[in-house]
Each structure stands twice: as structure tokens, then as C-alpha cells.
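Reading through the C-alpha cells given below for one structure.
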Ligand SMILES: Cc1ncc(COP(=O)(O)OP(=O)(O)O)c(N)n1
Ligand SMILES: Cc1ncsc1CCOP(=O)(O)O
Ligand SMILES: [Mg+2]
């Protein structure tokens with residue numbers, strides 16, 4: 001084989017190896033989105049990108065790719081870097097695969113131009129789409145990680161003053177609350193903003209996440225960890241546009257259809273209820289623990305049971321397959337809110353340990 005033929009063969013080997021690496025990497029990432037994240041949108045979009053890459057490859061004759069393939073003669077197979085064999089978790093696998101896919105798509109784009117400029121452009125389009133998709137996947141994974149160990153979610157109002165509210169939420173965070181939500185329908189916008197800003201500042205040094213109820217604009221303005229919206233607030237897809245990809249988006253659900261919609265809309269967690277009669281908010285109907293059972297079977301999204309929950313009825317919530325609860329009155333109307341946080345948290349942790357044994 002003369003120099004020119006050798007170069008031509010080498011280019012086809014690059015195209016063959018890059019196409020295999022891109023396809024394998026896309027499948028690796030798609031499995032993470034499908035089976036670890038359980039995210040239907042992301043899984044579908046990654047599947048589409050895999051098919052888009054296969055379509056772009058139709059301009060590369062398979063016979064030429066196969067004729068150039070010489071895996072035994074590939075000097076690269078013996079080269080190994082230390083980090084290549086280390087993966088700390090599933091997200092690390094997906095991130096490493098994403099890097100390989102982007103590098104391979106760039107090779108297919110640049111060397112594909114030798115065959116036909118249209119092939120280069122087709123792979124360039126795949127590469128640009130991969131940047132957006134992989135960023136979405138990593139941001140979604142990071143949001144999931146923040147909720148991974150969150151079991152006890154406490155709803156508080158604005159109290160008698162901002163100082164009183166911040167003292168209360170600091171105590172509840174210290175006692176073990178994993179998330180605290182500021183929910184106070186009495187406050188006007190300015191008051192809610194000022195309370196939320198103070199609460200965000202109070203909780204920022206702690207591991208307790210701060211969520212604003214109803215108002216994505218205020219959640220973004222005070223750099224809260226997230227916002228919670230119900231079926232009567234802005235649509236979750238609109239809320240996401242306001243809060244961006246970093247903040248958590250919680251959605252209230254009262255039936256399976258609303259759970260499915262919340263998952264489809266990209267919610268990071270859901271509230272499921274009302275479970276029992278509540279002293280904080282009145283309801284005409286209670287989906288109860290039957291809905292909890294159905295919701296637990298519908299999604300792997302973090303789900304918090306809510307509505308009249310306390311130590312006296314927690315076992316019914318746990319029996320329904322839930323290990324996360326959102327409570328207001330059980331804490332704020334308790335004689336010792338911090339002690340009640342600690343008690344509920346202990347019971348939830350015991351249940352978690354029993355379930356994971
Ligand atoms: C964690 C959590 N779950 C449900 C709710 C209820 O939200 P919503 O239906 O919007 O009702 P209001 O709280 O706005 O009265 C929640 N706030 N938090
Ligand atoms: C806001 C809300 N949404 C469903 S139940 C509820 C009130 C939760 O408060 P409590 O735990 O005191 O019933
Ligand atoms: Mg609401």
C-alpha cells in the first residue's frame with residue numbers, strides 16, 4: 001500500500017473507530033437517562049440523537065469502514081490511562097461517555113469532510129445537539145443528588161417577625177429538617193421577598209435546602225434552592241424557564257395523571273396529598289394513602305407525602321411505600337418543634353434502614 005493509499009485507509013479507520021465510539025457512548029448515556037434518572041424526555045432525546053448520528057453516517061459506505069477496520073493492528077488498544085479504568089458512580093460513567101461522544105463527533109465531522117462536506121455538516125449538527133443534551137443531563141443529575149437524602153420537609157410561615165422566623169428555621173435545620181419551605185399567604189410581595197431573602201441567608205450555610213412556595217420569581221431573586229408550585233400556579237415548564245436549570249422545581253399532585261404530567265414537565269420532586277385532614281389547609285377531598293400507593297408505583301421521582309401527617313399516622317404513610325414527608329402543623333404547632341423534627345427524622349431514617357437492609 002503506497003503513502004496515499006495508507007492515508008486513505010487511515011482516514012477510513014478513524015471514521016470507523018469514531019463512529020463506533022460515538023454510537024456506543026450515546027447508548028451508554030441513554031441507559032443512564034432511562035434506568036438511573038428514569039427521565040422519559042431525556043431518554044427520548046438521547047435516542048433521537050443516536051438515530052441522528054446513524055443517519056449522518058449513512059454517507060459513509062459501510063463496506064469501506066469494514067474494509068479499513070484492523071482492531072488487532074490498532075496501536076491505541078494497548079494504551080491505557082489510570083483514570084480510564086476508574087468510575088466512582090453511574091454519573092461519572094455517563095460524563096465520561098459524553099466526553100467520548102463529543103470527541104468522536106468532532107473526528108467524524110472533520111475527517112468526514114474529506115469524503116463529503118455534507119457529511120461534515122451532518123456530524124457538526126449532532127455535535128452541537130450533544131452539548132445541549134449532555135449539559136441538561138448533568139444539571140438534572142446534580143439536582144437529583146441534592147434531593148437524594150432528603151426525607152423530612154417542613155413548611156413554615158413568616159412568623160410574628162422576620163427575626164422570629166429565622167430563629168425558628170435555624171433551629172429546625174439544626175434539628176434535622178432536610179428542606180424548609182416558606183409558605184405564607186398573608187404576606188404581600190414585598191414582605192414575602194424580605195422573609196424569603198432572610199430565610200435563604202439563614203439556611204445557606206446549612207445542609208438544609210430552602211424552598212419558596214408559589215413564587216418562582218422570588219425564589220430566583222433570593223437565590224433559594226428551589227420553588228414549589230401547585231396545580232393552580234404557573235405551569236411547571238414556565239416555572240423552569242424562570243428559575244433556570246440549577247434550582248429545584250417541586251409540583252403538588254393529587255392524582256396519578258398529575259404525577260405523570262409533573263414528571264413529563266421536568267419536576268425534580270412532587271408533593272402527594274392531601275393524605276389526612278390538615279389543620280393548615282382545608283380540603284373537600286382526600287386522595288389519602290391509596291393515592292400514595294399509586295404515586296409510588298408511577299414514578300421514581302422523589303415524592304413527599306403531605307397533609308395532616310404526624311407521628312400518630314406516619315406508619316400509614318410508610319406502609320404506602322413513602323419514605324419522604326412534608327409537614328407543617330405537626331412541627332409548628334408542636335410544643336417543641338425541634339424535638340418533633342428530630343423524632344420524625346429518626347422514624348424516617350429507621351424506616352429507610354429497614355427498607356434498604
Ligand atoms: C411539598 C409541598 N407539597 C404540596 C404543597 C401544596 O402546594 P399547593 O398545592 O400549591 O398549595 P399551597 O401550599 O400553595 O396552598 C406544598 N406547598 N408543598
Ligand atoms: C399546603 C398543603 N397542601 C396539601 S396539605 C397542605 C398542608 C400541610 O400542612 P399540615 O402538615 O399541617 O397538614
Ligand atoms: Mg401553591
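Whether any residue in segment 142-153 is modelled with pLDDT of 95 or more, within 26 Å of the chain's Cα centre (by Cα), within 16 Å of ligand 3 (Cβ to nearest atom) and crowded, with 16+ Cβ neighbours inside 10 Å is what I want to check.
Yes, the conditions are met somewhere in segment 142-153.
Kindly establish whether residue 92 is in the same structural domain as residue 33 (by TED's automatic domain parsing), surrounded by 10 or more Cβ atoms within 10 Å (Cβ to Cβ) and over 13 Å from residue 17 (Cβ atoms).
Answer is yes for this residue.
Which residues, counting only those in segment 68-89, are assigned to a helix (DSSP H, G or I) and loosely packed, with under 13 Cβ neighbours inside 10 Å?
Across segment 68-89, the qualifying residues are 71, 72, 73, 75, 76, 77, 78, 82, 83, 84, 85.
Mind checking which residues of segment 216-230 are closer than 22 Å to residue 163 by Cβ, surrounded by 16 or more Cβ atoms within 10 Å (Cβ to Cβ) and out of contact with any strand residue (DSSP E or B) (no Cβ under 6 Å at 6 or more places or on another chain)?
The one that is closer than 22 Å to residue 163 by Cβ, surrounded by 16 or more Cβ atoms within 10 Å (Cβ to Cβ) and out of contact with any strand residue (DSSP E or B) (no Cβ under 6 Å at 6 or more places or on another chain): 222.
For segment 324-337, give me each residue that is more than 21 Å from residue 158 (Cβ to Cβ) and in a strand (DSSP E or B).
325
In segment 288-323, which residues are farther than 15 Å from residue 349 by Cα, at pLDDT below 95 and not in a helix (DSSP H, G or I)?
Within segment 288-323, 299, 300, 301 qualify.
The values are calculated or read from the model by the stated rules, or taken from the named source; none is laboratory data. Values in this document were obtained by computation on a predicted structure and should not be read as measured data. Every residue, glycine among them, receives a Cβ derived from its backbone with ideal geometry; neighbour counts consider all protein chains shown.
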